[in-house]
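This report refers to the structure that appears directly beneath it.
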Protein chains: 2
Amino acid sequence: MCEASAYLITDGEPELIMEAVDVAIPTEEGELKLINIFGEQRFIKGAIESLSLVDHKIFIREAAGAV
Amino acid sequence: MCEASAYLITDGEPELIMEAVDVAIPTEEGELKLINIFGEQRFIKGAIESLSLVDHKIFIREAAGAV
């Protein structure tokens, strides 16, 4: 399988927010919807910044002004 | 291996621009640098929009105003 772990980049160290992510897609509300291989969903105020797929990592940059 | 194919979204159908992508990372110049598992690099005026990793697909949205 080729899922990856999603990390949120805020001010400090990247924080693991979801494992086994399959799909990441922006919503009309400006959020990023993550779906893992178990069908679980999570909505993040941010956008995909970078990928390292062989390492199974997705880095998401927190949106400016996100709470 | 968990590399993916990168597709560029412009006006029409997504266009395959690189296969076997490992790393995608933004540059200081505002481009997106793609590196595949063979070490080949490509710079794209755009940003990662969405992912479908089980399908091995990365979708990149062309930057507004890109030539």
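Could you work out what % of the accessible surface of chain B is carbon and sulfur, using a 1.4 angstrom probe and leaving DNA, RNA and ligands out of the count? The partial results should precede the final answer.
Values: 1820 of 3800 Å².
The value for chain B is 48 percent carbon and sulfur by accessible area.
Roughly what % of DSSP beta bridges within the protein assembly as shown run antiparallel, to the nearest 5?
Details: 42 of 52 bridges.
In the protein assembly as shown, DSSP labels about 80 percent of beta bridges as antiparallel.
Straight distance only, please: which aspartates and glutamates reach the Cα of residue A:33 with their own Cα at less than 12 Å, same-chain residues fewer than 8 apart left out?
A:22, B:49
Considering only DSSP beta bridges with both partners in chain A, what is the antiparallel share in %, to the nearest 5? Please report the intermediate quantities before stating the final value.
Working: 19 of 24 bridges.
The antiparallel fraction comes to roughly 80 percent.
No solvent, one uniform scatterer per C-alpha: report log10 I(q)/I(0) for the protein assembly as shown via the Debye equation at q = 0.10, 0.17 1/Å, two decimals.
The calculated log intensity ratios at q = 0.10, 0.17 Å⁻¹ are -0.29, -0.87.
Per residue Cα convex hull volume for chain B, in cubic angstrom? Don't skip to the end; give the middle numbers.
Details: hull volume 5.4 nm³, N = 67.
Cα convex hull per residue, to the nearest whole number: 80 Å³.
Taking residue B:38 in one copy and the same position in all the others, each labelled 7 Å out along Cα→Cβ, what are the pairwise distances from the first, in nm, shortest first?
The answer, with the shortest distance listed first, is 3.9 nm.
Rounded to the nearest 20 Debye, what is the dipole magnitude of chain B about its Cα centre when Lys and Arg each give +1 and Asp and Glu each give -1 at the C-beta? Before the final figure, lay out the partial values.
Values: 5 positive and 13 negative charges, 17 e Å.
Value, rounded to 20: 80 debye.
Say a label goes 7 Å from Cα toward Cβ at residue B:16 in every copy; what distances in nm does this one have to the rest, shortest first?
3.4
Using protein chains only and a probe of 1.4 angstrom, how many square angstrom of residue B:56 are accessible, to the nearest 10?
Residue B:56 has an accessible surface of roughly 70 Å² with all protein chains in place.
To the nearest 0.05, how large is the calculated FRET efficiency for residue B:9 and residue A:10 if R₀ is 30 Å and r is the Cβ-Cβ distance? Walk me through the numbers before you get to the answer.
Working: r = 28 Å, r/R0 = 0.92.
Using R0 = 30 Å, I get an efficiency of 0.60.
The values are calculated or read from the model by the stated rules, or taken from the named source; none is laboratory data. Bear in mind that the values here come from a model prediction, so they are computed numbers and not experimental data. All Cβ positions, even for glycine, are placed from backbone atoms using ideal geometry, and neighbour counts span all protein chains on display. Accessible surface is based on the protein model in full, side chains and every heavy atom, while ligands, DNA and RNA are left aside. Shrake-Rupley method; radii C 1.70, N 1.55, O 1.52, S 1.80 Å.
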